[in-house]
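First up is the structure itself, then whatever we jot down about it.
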Amino acid sequence: MSERMRVKVDGDRCQGHARCHALAPAVFEVDEYGFALAGEFEVPVEELDAAEDAAQGCPERAIALASGWNRAERFAWR
Amino acid sequence: MTAEHVWDGVDLDGGDFDADFEVMLGSIIDKCPVAKTQSGWLITRYADVQACANDWQTFSSAAGGVMPHRPEGLPPALPIETDPPMLLQLRKPLLKRLSVTAVATLEDRIRAVAREKATALIGRDGCEALNDYSRPLVGEVAFGLLLGMPIERVSYFQRIIHDALMGPMGGRATAFGEFLAELGAYLEQRAHEPRRDDLVDVLLHLEVDGEDAPFLTKRGMLHLSVVGGLETTETVIGQALRHLGEHPDLRERLVEHPEDIPKAVEEFLRLSTPAWTLGRTTTRSVELQGREVAENEFLLLAYAGANRDPAEFPDPLTFDLDRPSIRHLAFGSGPHRCVGSHLARVELRIALEEFLAANPNFWIDSSRPITTTTTSLARHLDLVPLTFPEPGR
């Protein structure tokens, strides 16, 4: 696994299950309605496993992970 | 090859299906994943269920409601029997009230209720998991901590809801009528009382398009708020205690490692899925698993099927605490995702933590039967007799 990872939360897919927040609270924030804050950001090294779990555990497949910093690199939607 | 639709015509409300639920559902998923049952089309595989649940333009919740064998003329349960964009407008006040952060503020009070019910069992030689624990616990949390409905009326509402949803088909319309009349009368009464800021008050002051919502909308919202949190959560707690009563290794692991309870809760949710289907109506003709489904046909998204699909959950009937993927659909998927899921998860975790802390040793009382009720909409656990070892052993 790459040491650096980016994560992307698709706000159109998110339905507010908040599993990401439960599985990786340091990575994913939720708003007052329970929807994950959408966007693209870096995952701290110590949170990589938790972020993987969150991406894998999202029932809407709204979380994608990508390693490295090349913006052209495709996110892997699960 | 022409598929041989072996499960077409199956009666999902019959006693055979209740008695043999796992075997029959497993075979439907495998051999006839889109089956034309007596309650409508049954969609059972994970990918199909998830795709249909997200395609609300094709699979409408408003057109024909979500309940199979829906009593004629029954006003819609809200917000579940609407489609976007009205759906999101009606969901927002509920989402806010039932968000992760809002539910976290209830945790201590939920724990106090659970602890009281769990410690009351200490010293007894056994209990019945539903009547002695999960049903009063879930009822008190829903009525006392969330809705603001009178706790002394919980068991009345639990009974009438059971009759309306799972009772003999011929009596359901009458039970619904009585249930809705009770809810309407309670809303009228509360409209003349000072605000308490509970969920009933939120619904009483509900707005639609910036205007005070019609009474039927408020009552429809209360209808689903009352139904949603009772039978479902009590069944999952009962199912969990049943499983732990049958599997002492797992019970001991959770007693020693309560930090594993949240993962166990997800497996209990996956395997019980008490709202095992919800209905949709097609707004156009579609093809599903090679079968033609015409426009304006009723179909059931089988969340319990999705949760047993071996393509998503290998060895699906095995409870596995170490499953890498637990994106089960017990709370549905798409814009209708269960709005009470966060409360349910907290209740389930605390209910198990407190039961195991107070009563770490128990097993199934095999002298008395475990009973269930299954309809084409819900799978409910009725009785789970547990026995406790003698005190001090």
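Sparsely packed loop sites in region B:79-177 (the trypsin sites (Lys or Arg not before Pro) outside DSSP H, G, I, E and B with at most 15 other Cβ atoms within 10 Å) comprise B:124.
Spin-label model, residue A:12 to residue B:6: label points 7 Å out along the Cα-to-beta-carbon direction sit 4.1 nm apart.
Multiplying the residue separation of residue B:287 and residue B:107 by 0.36 nm and subtracting their alpha-carbon distance yields 60.3 nm.
Calculate, in whole percent, how much of the Cα-Cα pair population of region B:194-256 lies beyond 17 Å.
Values: 1182 of 1953 pairs.
So the pairs more than 17 Å apart make up 61 percent of the total in region B:194-256.
Treating r as the C-beta distance of residue B:255 and residue B:72 and R0 as 45 Å, the FRET efficiency rounds to 0.35. Size estimate for region B:103-157 follows the Kirkwood approach: the inverse of mean 1/r over distinct Cα pairs works out to 11.8 Å. Note on residue A:32 and residue B:92: their simple-model spin labels are 1.0 nm apart, each label 7 Å out from Cα toward Cβ. The alpha-carbon of residue B:218 sits under 22 angstrom from the alpha-carbons of these lysines, leaving out residues fewer than 8 places away in its chain: B:92, B:96. With a simple spin-label model that places each label point 7 Å from the Cα along the Cα-to-Cβ direction, the separation between residue B:383 and residue B:311 comes to 4.1 nm.
All of the numbers you see were taken from the coordinates with simple rules; none came from a lab. Computed from a predicted structure; not experimentally measured. Using ideal geometry, Cβ is built from the backbone for each residue, glycine included, and neighbour counts are taken over all protein chains shown.
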